[in-house]
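To start, the structure itself, in structure tokens.
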Amino acid sequence: MQGLDLLGWIIIGLLAGSISGWFVGTRSVQGCLPTIVVGILGGVVGGWLARQINDQPVSGFIGALVFAIIGSIVIRLILRAIEGSGRR
């Protein structure tokens, strides 16, 4: 996977959304569709983050998956913080 574009990050993000639930927990996002949305957003955030760090696209499936998981974890933590502030 040389140079993932937006569609590639979305596909990788689908997988990363479910994996990020293992790290953060599923308290904030539950269900298949919300997990997919978090994964897609995480893939986009991970792709952006990779560009900021390397100034080049990530090459390889494992590297792309790692950045997408990191992005999905960030999205889940942001959602959890928003939910937590609304409950007070």
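Structure notes:
- Each 10 Å bin from zero holds the following percent of Cα-Cα pairs in the stretch 6-86: 23, 52, 21, 4.
- Less than 5 angstrom separates the built amide H of Val58 from those of Leu4, all sequence-distant by 5 or more or on a different chain.
Every number in this text was worked out from the coordinates using simple rules, so none of it is lab data. Everything numeric here is computed off the predicted structure, so don't read it as measured data.
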